[in-house]
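To keep things clear, I will list the structure first and then write my remarks on it.
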Amino acid sequence: MGTIVSPSLLAADFMNLGKEIEMVNRSEAEWVHLDIMDGVFVPNISYGLPVVEQIKKASRKVLDVHLMIVQPERYVEAFRKAGADILTVHAEASAHLHRTLQQIKACGMKAGVALNPHTPVGTLEDIIGEADVVLVMSVNPGFGGQSFIAHAVEKVRKLKRLIEEAGSEALIEVDGGVNTETGRLLVEAGADALVAGSFVFRSEHPEETIRELKELKA
Ligand code: DX5
Ligand code: ZN
C-alpha cells in the first residue's frame with residue numbers, strides 16, 4: 001500500500017486552488033491536509049469553514065483536517081458539515097480530550113490527536129484507544145516551510161511502541177518539514193502517513209513528488 005501522503009494545501013497557490021486540488025485528485029495521495037488556524041492557539045490565521053466546504057466539493061480525497069484552534073470541541077459538528085473525514089485536535093488545546101475524541105467519532109469522522117514538539121508521547125497513554133490517528137508535529141505549528149525538528153523521529157518510534165503495547169490501530173501521521181529525506185527516517189521509525197506542504201507544492205512536478213513520498217517504505 002505504501003505510505004499515505006497528505007499534501008498540505010497551506011502551501012498551495014490560493015489564486016488557483018481549484019487547479020491545485022485537481023492536481024491532488026490526479027495524484028496518488030490518499031488524503032488532502034487542511035490547516036485551520038485561529039490566531040490564538042498558533043500565531044497565524046489561515047482559512048475557515050466556507051473554504052473547507054468548497055474544497056470538499058472539488059476534492060476526491062479523504063479530507064484530513066488539522067485544527068490549530070483553542071477549544072476545538074466547539075467546532076466538531078461544523079467541520080463535519082463542511083466535509084471533514086478526519087478531524088484532528090491538539091492535545092494541548094482540549095481540556096477534555098477523551099470527550100472531544102468521542103464527540104468527533106459520534107459525528108461520523110475519524111478522530112485525530114496532534115502533539116506539539118514539546119508534548120511527550122506518554123500524554124496519550126490513557127487515551128490511545130480512542131484515537132484513530134496521532135499527528136506528530138515535527139515543527140511548531142503555525143507556518144509552512146519551517147525546518148524539520150529531528151527529535152520527531154524518536155517520538156514516532158516511542159509512539160509506535162505505545163500503540164503496539166496498547167493493541168491500538170491508530171495511524172501515525174507526521175507534519176512539518178517533510179521531504180523524501182526526513183520522510184524516509186519517519187517511515188522507518190513507524191510513520192504511516194506524511195503531510196507535506198512546501199515540498200509538494202513548490203516542487204517542479206508535484207504529482208511525481210507525491211509518488212516519491214508514497215513509495216517510501218519501512
Ligand atoms: C504547520 C502545518 C503544516 C504545514 C506543513 O502548522 O500544520 O501542515 O502546512 O508545511 P511544510 O510541509 O511546508 O512544513
Ligand atoms: Zn498541519
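The values are calculated or read from the model by the stated rules, or taken from the named source; none is laboratory data. Not measured: the values here are computed from a predicted model. Cβ coordinates were reconstructed from backbone atoms using ideal geometry, including for glycine residues, and neighbour counts include every protein chain displayed. Side chains included, ligands, DNA and RNA excluded: accessible areas come from the protein's heavy atoms. Shrake-Rupley method; radii C 1.70, N 1.55, O 1.52, S 1.80 Å.
For region 81-106, give me each residue that is closer than 20 Å to Q54 by Cα and open to solvent by 40 Å² or more (accessible area, probe 1.4 Å). Answer for region 81-106, where residues must be closer than 20 Å to Q54 by Cα and open to solvent by 40 Å² or more (accessible area, probe 1.4 Å): K81, D85.
Out of all the residues in region 155-185, which are assigned to a helix (DSSP H, G or I) and polar (S, T, N, Q)? Break it down into steps so the answer makes sense when it comes.
Of region 155-185, the ones assigned to a helix (DSSP H, G or I) are 155-166, 180-185.
If the condition is that a residue be assigned to a helix (DSSP H, G or I) and polar (S, T, N, Q), then T180, T182 are the ones that fit.
Of the residues making up region 118-148, just one is within 14 Å of ligand 1 (Cβ to nearest atom) and more than 16 Å from the chain's Cα centre (by Cα), namely S147. Taking region 1-99 and the strands (runs of 3 or more DSSP E) fully enclosed by it, the elements with 3 or more residues that are of a type in the set (A, V, I, L, M, F, W, C) and within 16 Å of ligand 1 (Cβ to nearest atom) are at 31-37, 62-68, 86-90. The residues on offer are S147, S203, and the sole one that is within 16 Å of ligand 2 (Cβ to nearest atom) and either modelled with pLDDT under 95 or among the polar types (S, T, N, Q) (or both) is S147.
Checked against the criterion of being open to solvent by less than 10 Å² (accessible area, probe 1.4 Å) and more than 20 Å from V113 (Cα to Cα), the candidates V174, V200, V195 yield just one match: V200. Looking across region 194-218, the residues that are of a type outside the set (A, V, I, L, M), touching a residue at least 12 places away in the same chain (Cβ under 8 Å) and in a loop (DSSP other than H, G, I, E, B) come down to G197, R202, E215, K217. Select from region 16-31 the residues that are closer than 15 Å to R202 by Cα and of a type outside the set (D, E, K, R) and list them in ascending order. Matches in region 16-31: N16, L17, I21, M23, V24. Checking each residue of region 11-31 against the condition of being among the aromatic types (F, W, Y) and either more than 14 Å from ligand 2 (Cβ to nearest atom) or surrounded by fewer than 16 Cβ atoms within 10 Å (Cβ to Cβ) (or both) gives at least one match. Could you tell me which numbered condition A191 fails, if it satisfies all but one of (1) of a type in the set (A, V, I, L, M); (2) out of contact with any Ser or Thr (no Cβ under 9 Å at 6 or more places or on another chain); (3) in a loop (DSSP other than H, G, I, E, B)? So the condition that A191 fails would be (2).
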